[in-house]
1. Going through the stretch 77-88 one residue at a time, which ones are surrounded by 22 or more Cβ atoms within 10 Å (Cβ to Cβ) and not in a helix (DSSP H, G or I)?
2. I'd like to know if the stretch 89-96 contains one or more residues that are at positive phi, modelled with pLDDT of 85 or more and not in a strand (DSSP E or B).
3. Restricting attention to the stretch 20-77, report how many residues are closer than 30 Å to SER132 by Cα, among the basic types (Lys, Arg) and modelled with pLDDT under 85.
Amino acid sequence: MRPDDLSPIHLDVLREIGNIGQGNAATALAAFSRKLVTIDVPCVRILDINEAAQFLGGPENVVTAICVRLKGDISGMMLTIMEREFVSDLIRLVFGAEPDDLYAMDDLQNSFVQEIGNILSGSYLNAVSAMSGMSAEVTVPSVATDMVGAILAVPAVECAALGTKVMFIEDSFTFADGFDENERVSGSAVRCNMILVPQMSSLEMLFDRLKV
C-alpha cells in the first residue's frame, strides 16, 4: 500500500483521527493562551510535495516548521507547519509581545515553539493511540523558520524512499477572549498544517487494528 492507494473510507478514518487530534490540540492551546479556541473541521488530503507547497502559500512563503521523527508502531516523520501569524500570536499571548524576528527567536521563544510542536503532533498521535492502541516514540523536535520550498526539502527526501505522496492535514484555529461557550468569536482564523510521511506498514497496521 502507498498513500495514493488510500480509498475514501481510509481517508474518512484519517479525518476522524484528525478531528480528535484537533480537539486535543485546541484544548491544549486554550490552556496555554487562556483564550477560547474554536476549530474548523480538518481537511485531510493526499498530495505530492509540489501540491503541498501550493497549499502552504507557494514555495517562497515563509513559515515556521517543527519536525519530529516517529519510531515504534507508528514510524515515519511528522512536520507541523505554522503560519507566521500563528506563531507571533501565540508568542504574544504567552509572553506579552511579538518576536522582533521569527528568524532570530531567543532561546525561550524557541523552546516555547518546540513545545507547541510537541503538543500539536502529540495531539494527533494520542488520537491514533486512543483509537488503535498503537504507540510511537517521538524524537526531540527541531524548529526552523524558512521558505516553504526549503522546509519541504526534508519530507521530499523521505518521499523518495516511500513514494511520491504525503498526508496533508489542514487545520484552522480561532482565538477569542474568555471561555464563555456562548461568546461570539471575533478575529480571524489562523492556519496550522500537519504533514505526515508515514511508513506504509504503520498505516496498514492502523487500518488492520481498526478493521478497515
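1. MET78, LEU79, THR80, ILE81, MET82
2. Taking every residue of the stretch 89-96 in turn, none turns out to be at positive phi, modelled with pLDDT of 85 or more and not in a strand (DSSP E or B).
3. Qualifying residue count, the stretch 20-77: 1.
The values are calculated or read from the model by the stated rules, or taken from the named source; none is laboratory data. A quick note: this is a predicted structure, and the numbers were derived from the prediction, not measured. Ideal geometry is used to build each Cβ from the backbone, glycine not excepted, and the neighbour counts take in all protein chains shown.
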